[in-house]
Every structure is written in C-alpha cells, then in structure tokens.
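These notes are about the structure you will find just below.
The values are calculated or read from the model by the stated rules, or taken from the named source; none is laboratory data. From a predicted model like this one, the values you see are computed outputs, not experimental measurements. Here the Cβ positions follow ideal geometry from the backbone for every residue, glycine too, while neighbour counts run over all protein chains shown. When the accessible area is computed, the model is the full protein with side chains, heavy atoms only, and any ligands, DNA or RNA have been set aside. Shrake-Rupley method; radii C 1.70, N 1.55, O 1.52, S 1.80 Å.
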Amino acid sequence: MLQAVANAFKLPDLRKKILFTLLILVIYRFASHVPVPGVDLVALRELFRNNQLLGLLDMFSGGAMSNFSVMALGVYPFITAQIVLQLLQPIIPALEQLSKEGEAGRQKMNMYTHLLTIPLAALQAFAQGNLLAQSAGATGAVLSNFGFRAGTWLPTLATIATLTAGTMFAIWLGHLIDEQGIGNGISIIIFGGIVAGVPGRMVQLWISNPWSVIVFAIVTVITVVGIVVVHEGQRRIPVQYAKRVRGTRIYGGQSTHIPLQVNSAGMIPLIFAVSIIMLPGVIASYFVNSQVKFIASVASGITRIFDTNSVVYWILYFLFVVGFTYFYADVIFQQQNLAETLQRQGGFVPGIRPGTRTAEYLQGVLRRITFVGALFLGIVAIIPFLVRPLVGTSQMLITSTGLLIVVGVVLDTMKQLEAQLLMRHYEGFIRKMR
C-alpha cells in the first residue's frame, strides 16, 4: 500500500489529485471549527458525553457537531436522502424505471437526491437545534434564542439556513474530490472527520485508564483485520454464455462469474439499527419530568431499558443489526435484477434454468453467505459492550460504524489508486512502443 502511494507521488497528475484531496479535507476541517452563534460550548460537551446518538451524528459530520459549527450536519442528510430513494425504488415504479435508464437516469436520480437533501437538512437542523435548546448544561441552555417564539424567529431561521447551507457546501466539497481528486468524495470527508477525532479520544482514554488504550488498540487491529476479510469475502457464482452465430462470426461461449459479497449491506444496517434503538430513549427523555406520575414512571423505565449501560440495549442492538443486514441485502439484490440481466444477455448458471429458478438460486446463496456477514456486523456493533468488563468503559478509539467506514474508504481509495497506476503504466508502455 505504501509503495503504491510512493509510486503515485512520482506521477505529476496523480500527485496533483492526492494533494487536491488533502486540500479539500483541510478546508472542511477549518469550516468544521466555525461555531453557530449562541452556543454554550461547555454545556454542549457535557451533553455529548452522555448521548450516543449525538456521537453518531458527530461522526458523520466529521466532528463538527460537537462544536455545533456551520458544518454540524455534515453529509448525513445527503446519505439519508440516498438511502430513502434507494428504498423507495421497489415501491415507486417511476423511480425503479429511472434507475434502469443508464447515465441519464443516474443524473436524474442524483438531482432528486440533492433536492431531497435540502428539506431533510432543514428538518434535521431544526430538530438538533430544538434538542440543544431544551438541553440544559452546566451554564444553562446549550443553544439560546432558538424556537418559534416571539423574538426568536429570525435567529432560528438564520441557524436553520446556515446549517442547511453548510451541508450543501460539504456535499459540494465531496463532489470536487470526485471530479478532481482521488476516491469517493463523500466517504473521504467522513473518513477525515473520524480519523481527526482519534487523537483526542486516545488522550481521554489514556487519562482515565492507560490500560484501556492498549486493549482498545488490540481490539481495533483485530476488528480491522476481520472487516477486511469480510469486506473482501465473496462467493463466485459461475456463469456461462451461450454461443451465438451471426454471419461468419461466433459470439459468446466464454465463462465468467458473479461475485456475491458476504457483506453486501456495508455499514447501512449499523446506521439503521442505532437510529431506531436510540429513538425510544430520546422520545421518553422528554416525558421523564412529566407532571403525570404514570407517564413519568413509564418514561423513566423506557429510558433505563434503552440506556447504553443496559444489557437489553445491546441485545436489541445486535438483533436489529442482523435483521437490517438481511433486509438491506435483499433490497439491493432485488434492485440489481441479476437473473433477468443474465437471461437478456444470453448467460446462465450451469445446472440452473434461466429466469425464476436462477433468481431463486442466487437469492438462496446470498442469504446463506449474508448470515456470516450479518453475524459479523452484529458482533462488531456490540464490541464496546464485550470489552467493557476489561477496561471499565465502552468508549472506543473509533466506533464500530467508524471502523467500517475507515476500512471501506481506505480499501476503495487504494483500489482506485492502483487502477490509476496500472492505467498510466500501460499508457507509458504504449508510448515507448510507438
């Protein structure tokens, strides 16, 4: 890997792409430290220390939300919009048809994704601002002058517009990396935010318990190795293409394979699971101080059950991750429509009839290998709970979702880098031959 990076810096155009990507990351990190006016940073840090959901959102914002900066939402609304449109494709025929129209359809889907991102970002900005306005810290409310009350309309609208603009700016930076840099722009920005927070977390763990840093470093290395193995793991289904005679030429007849990934869902199940598992506790927290004793009692019970120190929380987290992995893998498989594509191109799986039987066979294989990927994701999700008896804390150097993102981004970027190197070496060989 290091040799590939060294070789890339020897080529002017690749060196320019890498340096441009680093420059965009620096710009994003600078913008992440510009706070929204009216925020009590002391109370904000206290709130983040006790709220895992906010920690997840902070990870997607690249650490910007812990400062409640203008980039606090990060690219999370854009990722949400992508997931929503992807899940709506089997339900809305027009979207499904659009996804099959090649480059033109892909551009329209991108446009719809960007348009959906704006209201989602505005809603999320209002929700987060409202949460911070109602949360009291050491010095009072975390965010003052927020809410649709007399005298607060203009500051509230200004905060929502600023946060929404910050999201669109982050997406634009990601697209600049796609066009002129190396790697997937959105993923690179998230990756930069996750990695930037590691040194601070390491210092906190070292101060509280030096032994925990060693344990978590070992656990992180083992987890990364496991993620790489599962991420690259695949079941290759052999495919044969029938021979076709056109005039005096024979087409087809070659053999290939369909690579079915062990973990085709990626990190999405972890995002779904943690969002849903945290929702009851967040809603119940608003009713803990209710004047009605029954409501307050029920809310307190729900808060205790869905607290991150509860065993029930981690069991439900594991089950949700496994369930969502199967659900999302099935959704992706249905959208790819591999059996119909094979039949249309004259391909078939040896021993399996084309059409419905091929679809059933491929789906059966996918579900069997997804079992391994789902169990692995579930175990990765509850690693903080498993190691807590050893070190006395569930705070890790990098969260489970963060590790999946980091490893996935590194592998994807290195593959793109190697492809660029291979292409340029091939071009150099051609020039020498000429």
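Odds and ends about this structure:
- A Cβ-based charge dipole, computed about the Cα centre of the stretch 320-394 with Lys and Arg at +1 and Asp and Glu at -1, lands at about 120 debye.
- Computed as a quarter of the hull surface, the mean projected area of the alpha carbon convex hull for the stretch 66-138 stands at 6.0 nm².
- Amide H partners (placed H, <5 Å) of I258, local residues excluded: I237, V239
- Per-residue 3J(HN,Hα) values for the stretch 167-179, derived from phi via the Karplus relation 6.51 cos²θ - 1.76 cosθ + 1.60 with θ = phi - 60°, read 4, 5, 5, 5, 5, 4, 4, x, 5, 4, 5, 4, 7 Hz in sequence order (x marks Gly and Pro).
- Of V198, V84, V349, the order by accessible heavy-atom surface (1.4 Å probe, DNA, RNA and ligands excluded), from most exposed downward, is V84, V198, V349.
- Long-range Cα-Cα pairs in the stretch 320-364 (distance over 11 Å), rounded percent: 66
- Mean projected area of the convex hull spanned by the Cα atoms of the stretch 281-373, taken over all viewing directions: 8.8 nm².
- Gyration tensor (alpha-carbon) shape descriptor, the stretch 100-240, a/c threshold 1.5: oblate
- Taking θ as phi - 60° and the Karplus parameters 6.51, -1.76 and 1.60, the scalar couplings of the stretch 330-338 work out to 5, 4, 5, 5, 5, 5, 5, 6, 5 Hz in sequence order, x denoting glycine and proline.
- Extended-chain gain in nm, criterion 0.36 nm per residue less alpha-carbon gap, F371 and A94: 96.5 nm
- Whole-percent carbon and sulfur share, accessible surface of the stretch 87-219, 1.4 Å: 68
- Under 5 Å, built H, 5+ apart or other chain: amide partners of Q234: V262
- Near the amide H of S69, within less than 5 Å, lie the amide hydrogens of V36, all on another chain or at least 5 residues away, with H placed in the peptide plane.
- Contour minus Cα-Cα distance for F287 and A6 (0.36 nm per residue): 95.4 nm
- Within the full protein context, the accessible area of H33 is estimated at about 110 Å² for a probe radius of 1.4 Å.
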